[in-house]
Amino acid sequence: MSEVADWFMLILERMARALGLALNKLFNLKQEGKLDEANQYISQYLQSEFDLNLTSFMDVENDEIITYLINKKFHSSHLETLAKIFTEYAETINDDEQQLNLYNKSEIIFNYINTIDKTFSLERQSYIKKINNQIILLNKAQQQQQQQQ
């Protein structure tokens, strides 16, 4: 391999490790019931490490989300971990609309990965199922709220 290719692979490996560590810390904070701290941690982490502002990310149209992340220099190999982070992060938010937005974006990312990855992933399918269940619950809750008004 050339020196440039070696350097590029090193950068990709570092990103993968960093995302994995962030996901692990998010899991731990959630298990400890520190949802506000988890929310703050992941928001600050993505901003400082990857220049990914979650508020801006939430504003991106769903049909543009993959292009947005690739333009942010996320390699397709990192998108799955990022989708997991967004899915877990959604569970730390108290706003149903924001949760629904994040779940929808995570589902889009997982479905994109399914189209480009030749390997079937049971874990990925489990996340998609979890996301779909959460979307159904949130939609039902919104419908009930609208009926009560």
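The values are calculated or read from the model by the stated rules, or taken from the named source; none is laboratory data. None of these values were measured; they are calculated from a predicted model. Quick reminder, even Gly has a Cβ in these numbers, built from the backbone with ideal geometry, and neighbours come from all protein chains shown.
Per-structure values
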| quantity | calculated |
| --- | --- |
| Filter pass, ASN71 being farther than 21 Å from GLN134 by Cα and modelled with pLDDT of 80 or more | yes |
| Within region 127-148, considering residues that are charged (D, E, K, R) and more than 12 Å from ASP96 (Cα to Cα), the one surrounded by the fewest Cβ atoms within 10 Å (Cβ to Cβ) | LYS129 |
| Neighbours by Cβ (under 6 Å, 6+ apart or cross-chain): first from region 41-67, farther than 20 Å from GLN99 by Cβ; second surrounded by 14 or more Cβ atoms within 10 Å (Cβ to Cβ) | GLU49/ALA18; ILE66/TYR112 |
| Single residue of region 17-33 satisfying the filter (at pLDDT below 80 and loosely packed, with under 15 Cβ neighbours inside 10 Å) that is farthest from GLN99 (Cα to Cα) | ARG17 |
| Selected residue (only one of ASP51, ASP36, ASP117 is closer than 27 Å to GLN142 by Cα, surrounded by fewer than 20 Cβ atoms within 10 Å (Cβ to Cβ) and either at pLDDT 80 or above or hydrophobic (A, V, I, L, M, F, W, C) (or both)) | ASP36 |
| Test result for TYR41, surrounded by fewer than 19 Cβ atoms within 10 Å (Cβ to Cβ) and in contact with a Phe, Trp or Tyr (Cβ under 9 Å, 6 or more places away or on another chain) | no |
| Scope region 104-134; condition polar (S, T, N, Q) and within 14 Å of the chain's Cα centre (by Cα); matching residues | ASN104, SER106, ASN111 |
| All positions within region 29-63 that are in a helix (DSSP H, G or I) and farther than 23 Å from ASP95 by Cα | SER48, GLU49, PHE50 |
| Residue list for region 49-70, filter: β-branched (Val, Ile, Thr) and closer than 16 Å to ASN39 by Cβ | THR55 |
| Residue match in region 73-93 (condition: outside any helix (DSSP H, G or I), among the hydroxyl-bearing types (Ser, Thr, Tyr) and surrounded by 20 or more Cβ atoms within 10 Å (Cβ to Cβ)) | yes |
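Residue-wise test of (1) assigned to a loop (DSSP other than H, G, I, E, B); (2) in contact (Cβ under 8 Å) with a residue 12 or more places away in the chain; (3) among the polar types (S, T, N, Q); (4) in contact with a Lys or Arg (Cβ under 6 Å, 6 or more places away or on another chain).
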| position | (1), (2), (3), (4) |
| --- | --- |
| GLU107 | no, yes, no, no |
| TYR112 | no, yes, no, no |
| TYR127 | no, yes, no, no |
| GLN134 | no, yes, yes, no |
| GLN143 | no, no, yes, no |
